[in-house]
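These notes are about the structure you will find just below.
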Amino acid sequence: MNRSKLCAALRAHMLNFCLRQGSRHVGSEGEKSAADYIEAQFSRMGYAPRRDYYAVTGWELERFELFNLDQGEIVPAATPCFFSPSAEIEGELLWLRAGELGRLEQLGVQGRLCFIESWSEGGDIAGRNQIAEHLDALGAAGAIFISDSLTHGAMAPSSKIQRSPGLRHLGAAAVAQEGALYLAARKQEHYRLHIKSRLFNHQSCNIVASLPGKPGTGKGVFGAHYDTAPLTQGALDNASGTAILLEVAALMAELKTDLELDFAAFSGEEYCLDGIQLGSGDYCKRNQEADLRWFVNFDHAGGKIAMPQLYIGRADELPKLKPYKTPFAPVNLGGDTRPFDQAGIPTLWYGEEDPFRLFHTEYDRLDTIDYERMADFVEDAMHIVPQLLAGN
């Protein structure tokens, strides 16, 4: 394995995903272009890739503005939330503390722009979705959520801190630390929230390349999701994992193995409702009769300041593995590993822990990437794969 050529190939993939395609959320032109690129790369390697389609709600943003009318200035560190419908409202904020969320019917939310002084530790997207859906049902015109530093960076708001494709008319936005403190200091002033967007029926797809094995020996799966949160390049999450998947597939294209291997690029991971990612969930449904032996996931790699980890689920069902460059970590069943684990399949997730949590924000961009660290993940995977194959 030529290290310099590997880094150059990873960099070329990253430039394509982050600069040529940009945001690759479901329904976007970037998502479509990325799927075309991945299919072309698999074909160039000698695979015969296929596309598996599944229904999603697509989202397109045309305009966003959160404006302080009294001061004549834009509210800082603000973003629309994924799947927010179009909305336009002016007025004072209706400030809602956490203890008031259980009695919204009594608080006169109809037609109001609400600020939610509440946040959820961890990935409690369902909780924020429920708040938005309740406000929507009560006729509130807009809601502003806090994108907290427990789950995302404090400098820029996450565009998917709340995401519910079922909202009818509630405009949903998020503010990071600077924006939240700005609003807190100016509670009595007047604001304008304007979101112009479009929700539509859409077909996303997985792109799957297969390496044949001997009949009856089972199948191993390598995967990464190529979609992003809206309004971000998604360099770490997850152009990096998709680039690594492509280079692992290239290195294994001539491999002779008894076990059939699938290399699957998923979309719909960032969509995630009720804990199941659409792309990998669709793959598991289509392969529920297949003898899947294990799933290797590449998601969030190559950060300039980060601790690489290999999270292993159902380790007792795998052969005894020896670490190489990436230390083993206790099981983490987020992202695309979840549907595989729920199907009873052992999982290995290459990822990182980082102090700044840039993903899902505008800071998740190409200049955060260290290609040498990405190359470490490829090399590590190529040392783990023979151990997995030897156990089948």
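The values are calculated or read from the model by the stated rules, or taken from the named source; none is laboratory data. Just so we're clear, the structure is a prediction, and the values are computed from it rather than from any experiment. Cβ sites come from the backbone with ideal geometry, for glycine too, and all protein chains shown count toward neighbours. Calculation scope for accessible area: heavy atoms of the full protein, side chains included, ligands and nucleic acids excluded. Shrake-Rupley method; radii C 1.70, N 1.55, O 1.52, S 1.80 Å.
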Can you name the condition, by its number, that Glu247 falls short on among (1) in a strand (DSSP E or B); (2) touching a helix residue (DSSP H, G or I) at 6+ places or on another chain (Cβ under 6 Å); (3) within 30 Å of Asn2 (Cβ to Cβ)? (1)
How many of the residues in the stretch 66-93 are surrounded by fewer than 21 Cβ atoms within 10 Å (Cβ to Cβ), part of a strand (DSSP E or B) and out of contact with any helix residue (DSSP H, G or I) (no Cβ under 9 Å at 6 or more places or on another chain)? 8
Quick one: in the stretch 345-391, of everything that is polar (S, T, N, Q) and in contact with a Gly (Cβ under 7 Å, 6 or more places away or on another chain), which residue is surrounded by the most Cβ atoms within 10 Å (Cβ to Cβ)? Thr361
For the stretch 170-194, enumerate the residues that are touching a Ser or Thr at 6+ places or on another chain (Cβ under 6 Å) and closer than 17 Å to Glu92 by Cβ. Gly171
Select, from Leu107, Leu170, Leu135, the only residue that is closer than 19 Å to Lys196 by Cβ and either at pLDDT 90 or above or more than 19 Å from the chain's Cα centre (by Cα) (or both). Leu170
Please go through (1) touching a residue at least 60 places away in the same chain (Cβ under 8 Å); (2) under 18 Å from Ala209 (Cβ atoms) for Ala40 and return the number of the only condition it doesn't satisfy. (1)
Enumeration of residues in the stretch 296-318 that are open to solvent by less than 40 Å² (accessible area, probe 1.4 Å) and either over 19 Å from Ala243 (Cβ atoms) or without any contact (Cβ under 8 Å) to a residue 24 or more places away in the chain (or both): Tyr311, Ile312, Gly313, Leu318
Say whether the condition of being small (Gly, Ala, Ser) and closer than 26 Å to Ala154 by Cα is met by at least one residue in the stretch 343-363. yes
Selection status of Glu270, modelled with pLDDT under 95 and either part of a helix (DSSP H, G or I) or surrounded by 14 or more Cβ atoms within 10 Å (Cβ to Cβ) (or both): yes
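So that you can scan it fast, the table gives a plain yes or no per residue for (1) under 30 Å from Glu88 (Cα atoms); (2) touching a helix residue (DSSP H, G or I) at 6+ places or on another chain (Cβ under 7 Å):
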site	(1), (2)
Ala8	no, no
Met14	no, yes
Gln21	yes, yes
Ser33	no, yes
Asp36	no, no
Ala40	no, no
Pro49	no, yes
Ala55	yes, no
Glu60	yes, no
Starting from residues that are outside any helix (DSSP H, G or I) and of a type in the set (D, E, K, R), keep the ones in the stretch 324-339 and report whichever is farthest from Val385 (Cα to Cα). Asp336
